[in-house]
Amino acid sequence: MEARADGTVHLRSRDRLVLRFRVVGAVVGLLVVAAVFATSSWENPWGVASFVLVTVGGALAYHLLTSVVRCPTCASRVANWRISSADATRKLFACRQCGTVAWLAEGFYWQSEISG
């Protein structure tokens, strides 16, 4: 947890979790696609179902991970269900109980640190 000069708190551990989830999801998705193509499983309902489960389930789980957080001050649940625009740098979560504003970089906290 890192506080900025503007009073907002970066949920760094959640950002790292989201990044790991995204990388693992991409690898699993590619493995499922490769397995389906290698075995011609497009005709098999289980092959299609596993592809849909990984794709749709992964997207829904990612959206949940980046939309519901715990307030770093009072530990209440805070939700922001909006999907951020493509040029947004962070997603804000304003706690109604204590007024703390937390934010996520949605898994890409490292982009600004690497690119400057």
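The values are calculated or read from the model by the stated rules, or taken from the named source; none is laboratory data. Since the structure is predicted, the reported quantities are computational estimates derived from the model, not experimental observations. Every residue, glycine among them, receives a Cβ derived from its backbone with ideal geometry; neighbour counts consider all protein chains shown.
Structural remarks
- Against the list (1) among the hydrophobic types (A, V, I, L, M, F, W, C); (2) part of a helix (DSSP H, G or I); (3) within 20 Å of Leu19 (Cβ to Cβ); (4) at pLDDT 80 or above, the condition Trp110 fails is (4).
- Residue match in the stretch 38-52 (condition: of a type in the set (Phe, Trp, Tyr), at pLDDT below 85 and outside any helix (DSSP H, G or I)): no
- With a requirement of 3 or more residues that are touching a Lys or Arg at 6+ places or on another chain (Cβ under 9 Å), the strands (runs of 3 or more DSSP E) lying completely within the stretch 63-103 that satisfy it span 68-70.
- Test for Ser84: is it surrounded by fewer than 17 Cβ atoms within 10 Å (Cβ to Cβ), modelled with pLDDT under 80 and closer than 19 Å to Phe21 by Cα: yes
- Residue within the stretch 67-80 that is exposed (fewer than 11 other Cβ atoms within 10 Å of the Cβ) and at pLDDT below 90 present: no
- For the stretch 42-97, the set of residues classified as over 16 Å from Thr8 (Cα atoms) and touching a residue at least 40 places away in the same chain (Cβ under 8 Å) consists of Ala61, Tyr62, Leu65, Thr66, listed by residue number.
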